[in-house]
Every structure is written in structure tokens, then in C-alpha cells.
């Protein structure tokens, strides 16, 4: 997911939701990514994992420098802008809170603590709304900086909730997974990022558990 930096106000490049353009990020099981701007939120949530090595918890926000590179690569931050340790923690709080909400979308009980941290991290949003008689409303920030980047990510998630698309963005139930996938199915019955991996492993564990509890096995 990248953002076209062409919108300018004077000599400064501004950040605008209308400039978000989808990019096809790799998805497990050849799933289609979340549509439109919601793909940016999905990529932000999945910055903790590496599909090439699913057993490795690789965090693209491991350092403030790596977080700055991630945001800059997607046009959310001006190239060369540094991120502080406190700002990195805010980004982690946003990511953890969004993941907690995505687990709720997949049937888990709500974990209120990360959601509270998410909302604290999003305070002081730097976006403002722009209205036009012939185009949809847009959300913009005067500068492409860290507060604006987090505000845009939070705004995309909020709009998805209002539009009814957020419930389709789910955190995989697979053990040690949690990959955020978009459930494109008509009945929204998806539970795993990919049936061939997490789904099959979960069903195999459930089968072995049932066999272990059967009367024949305990006789």
C-alpha cells in the first residue's frame, strides 16, 4: 500500500486519504488483500510476521529506524524523517489494539487493555475533513509526519467500521499466528489465514485431542 505524495499545499507535501492506492501485498493461501485503503491497515497489522518463514516472529517495527523506513516506503512519512522511541511505542500500541479488534472479529473475547492503549495513542489526531459537492469527503493533514500517519491509519479503520467492512478483517485463529486476513466469503465464515496451513493444523490438533479423550484410547 503506497500513498501518492502529489497533493501539495504551498511548498509542503500533505497527506490525504484520497491519495491512498492499493498495492498487492503477499497473502497466505493466495487470498486477496483487504480492498482499497483498508489494505494499508492490514499491512500495518501484519508488520509483525514474515510469510516466508511463518514460525519466525519478525517485527518490521523492531526499531524506531525500521518503523520510519516502513512508513516512508508507503508515503506516510517524509523520507529522512526520524521516529523517536516514544513514537515507536505509540505505533506498537496502535498495532496491538487493531489486532485485538481483529481477534474479536474472529470470535474472540475482547481484550480491553490493548484497545484502551490504541485509543490513547490515537489522541490528538492531525487530520481534518474536506467536503466537496461532487466527490466523496476526504481526510487530510497539513504535513506528512508521524501523528498524521497514525491518524490516517486510525481513520481508515474507523471508516471501515462505519461502512460495515471492518468485521471482515480478522486475526487468524491458528496457534502462534494472528495474521490479519480479509474474509471475502459471502457468509464471513473464514477462521484462518489459509486452510492449507493454519486450518489444517488446527483440525489435526483437534482430531488428536478427540482421539486422546476417546474411551478406546483410555481403556
Given the conditions (1) more than 21 Å from residue 84 (Cα to Cα); (2) touching a strand residue (DSSP E or B) at 6+ places or on another chain (Cβ under 8 Å); (3) at pLDDT below 95; (4) surrounded by 15 or more Cβ atoms within 10 Å (Cβ to Cβ), which single one is not true for residue 144? (1)
Across region 72-88, which residue is nearest to the chain's Cα centre (by Cα) among those that are surrounded by 17 or more Cβ atoms within 10 Å (Cβ to Cβ) and modelled with pLDDT of 95 or more? 88
Test residue 98 against the criterion of being closer than 29 Å to residue 173 by Cα, in contact with a helix residue (DSSP H, G or I) (Cβ under 8 Å, 6 or more places away or on another chain) and at pLDDT below 85, and give yes or no. no
Unmet requirement for residue 8, which otherwise passes all of (1) modelled with pLDDT of 95 or more; (2) loosely packed, with under 13 Cβ neighbours inside 10 Å: (1)
Going by the conditions given, is residue 178 assigned to a loop (DSSP other than H, G, I, E, B), surrounded by 20 or more Cβ atoms within 10 Å (Cβ to Cβ) and out of contact with any helix residue (DSSP H, G or I) (no Cβ under 8 Å at 6 or more places or on another chain)? no
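The values are calculated or read from the model by the stated rules, or taken from the named source; none is laboratory data. It should be emphasised that the depicted structure is a prediction, and the values quoted were computed from it without experimental measurement. In this analysis, Cβ positions are derived from the backbone assuming ideal geometry, glycine residues included, and neighbour counts consider all displayed protein chains.
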